[in-house]
Amino acid sequence: MLRIWAPAKLNLTLEVLGRRGDGYHEIRSVVAKLALADLVYVETGLGGLDVRCDHPGVPSGPGNLAYSAALKYFEQLGCGPGARIVISKKIPVAAGLGGGSSDAAAVLRALNAAYGNPLTMDRLQDIAAQVGSDVPLFLAGPLVLVEGRGERLSDLPGATRRNVLLIHPGGWLSTGVVYRRSDGLPLINPCSQAVAAAMARKDERAVRQNLGNALEAAACDCHPAIGRLLASLRRAGYTAHLTGSGPCCYVWDADPSVVRHVSEMARVHGWCVLVTHTLE
């Protein structure tokens, strides 16, 4: 049995550039991988396909993205499915951190390794794009520029360890609902190129100044607790933003004093706080 980590992701920027002809939205995003990760176990050489998750809010079986990824992988091999997959969840569910997509990508990597790497990375990326828009980025490096609907990837230089404080206000959000709501709102896009350039030259001040998420207004409209959380953090002087379509938010480059203070705020407001860091 193979064991593989499936890291969460953090959208340092998220630009929404309009709706495409295929119904998806055109985006541009600088994405960093996090040490926070699910653990995925994959056993091959079995008959059929069995996918299970230990989180009650995540479906087992065909409703799981990992199931779709495994099924498409075996289709590419030209053989019937034969694997058992068990997912141990550590990443908050439906929070904008990409846990389900990362699990699916981990399954593709594990299956390919188990069968002697018969498929190239390009073919794995093709499968990933069929499974879900966020899946391909989890087959790329620790810092990535994501474009299109998520299928165009460019590894970026400058990936360094930075402490990240994740703050979850409770509840969950549908990605599709947030994107549809954004169609009716004026969008404020951050500058992904500015963040990518600042990361490359390790200019932390410029990184902080250019972080942002165009979906923030839509997510706050759908889930007002996000707006209250971000307002509280910003009044306290912290660089706080939404990741993905939310509801999880983050404080960038949080030192121990920030962690202590925000944890105290969380106890008052009923937020959930997780301390992690970006991957190098």
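The values are calculated or read from the model by the stated rules, or taken from the named source; none is laboratory data. All values reported here derive from a predicted model rather than from experimental measurement. FYI the Cβ positions are ideal-geometry reconstructions off the backbone, even for glycines, and counts take in every protein chain you see.
Do we have any residue at all in the stretch 116-136 that's within 28 Å of Gly176 (Cβ to Cβ), among the aliphatic types (A, V, I, L, M) and within 13 Å of the chain's Cα centre (by Cα)? Within the stretch 116-136, one or more residues are within 28 Å of Gly176 (Cβ to Cβ), among the aliphatic types (A, V, I, L, M) and within 13 Å of the chain's Cα centre (by Cα). Residue-level check: of (1) under 17 Å from Ala110 (Cβ atoms); (2) crowded, with 16+ Cβ neighbours inside 10 Å, Val30 misses just (1). A single member of Ala66, Ala106, Ala94, Ala110 is among the hydrophobic types (A, V, I, L, M, F, W, C), under 18 Å from Pro7 (Cβ atoms) and out of contact with any strand residue (DSSP E or B) (no Cβ under 8 Å at 6 or more places or on another chain), and it is Ala94.
The number of residues in the stretch 238-266 being of a type outside the set (S, T, N, Q), out of contact with any strand residue (DSSP E or B) (no Cβ under 8 Å at 6 or more places or on another chain) and at pLDDT 95 or above comes to 5. Report yes if some residue within the stretch 133-147 is surrounded by fewer than 18 Cβ atoms within 10 Å (Cβ to Cβ) and among the charged types (D, E, K, R); otherwise report no. Taking every residue of the stretch 133-147 in turn, at least one turns out to be surrounded by fewer than 18 Cβ atoms within 10 Å (Cβ to Cβ) and among the charged types (D, E, K, R). Within the stretch 3-57, the set of residues being over 16 Å from Tyr67 (Cα atoms) and of a type in the set (Phe, Trp, Tyr) comprises Trp5, Tyr24. Report whether or not Glu43 is without any contact (Cβ under 8 Å) to a residue 12 or more places away in the chain, of a type in the set (D, E, K, R) and out of contact with any Phe, Trp or Tyr (no Cβ under 8 Å at 6 or more places or on another chain). Considered against the rule, which asks whether it is without any contact (Cβ under 8 Å) to a residue 12 or more places away in the chain, of a type in the set (D, E, K, R) and out of contact with any Phe, Trp or Tyr (no Cβ under 8 Å at 6 or more places or on another chain), Glu43 comes out as no. The set of residues from the stretch 102-128 being surrounded by 17 or more Cβ atoms within 10 Å (Cβ to Cβ) and free of Cβ contacts under 8 Å to residues at least 60 places away in the same chain comprises Ala104, Leu108, Asn112, Leu119, Leu124, Gln125, Ile127, Ala128.
The sole residue among Asp54, Asp38 that is in the same structural domain as Val135 (by TED's automatic domain parsing) and out of contact with any helix residue (DSSP H, G or I) (no Cβ under 7 Å at 6 or more places or on another chain) is Asp54. Mind checking whether some residue in the stretch 45-61 is under 21 Å from the mean Cα position of the chain (by Cα), modelled with pLDDT of 95 or more and within 21 Å of Ala32 (Cα to Cα)? No: zero hits.
For the stretch 133-149, the set of residues classified as modelled with pLDDT under 95 and either touching a Leu at 6+ places or on another chain (Cβ under 8 Å) or of a type in the set (Ser, Thr, Tyr) (or both) consists of Ser133 only. Taken together, Ser133, Ser192, Ser182 contain a single residue that is farther than 25 Å from His269 by Cβ and in the same structural domain as Leu65 (by TED's automatic domain parsing), which is Ser133.
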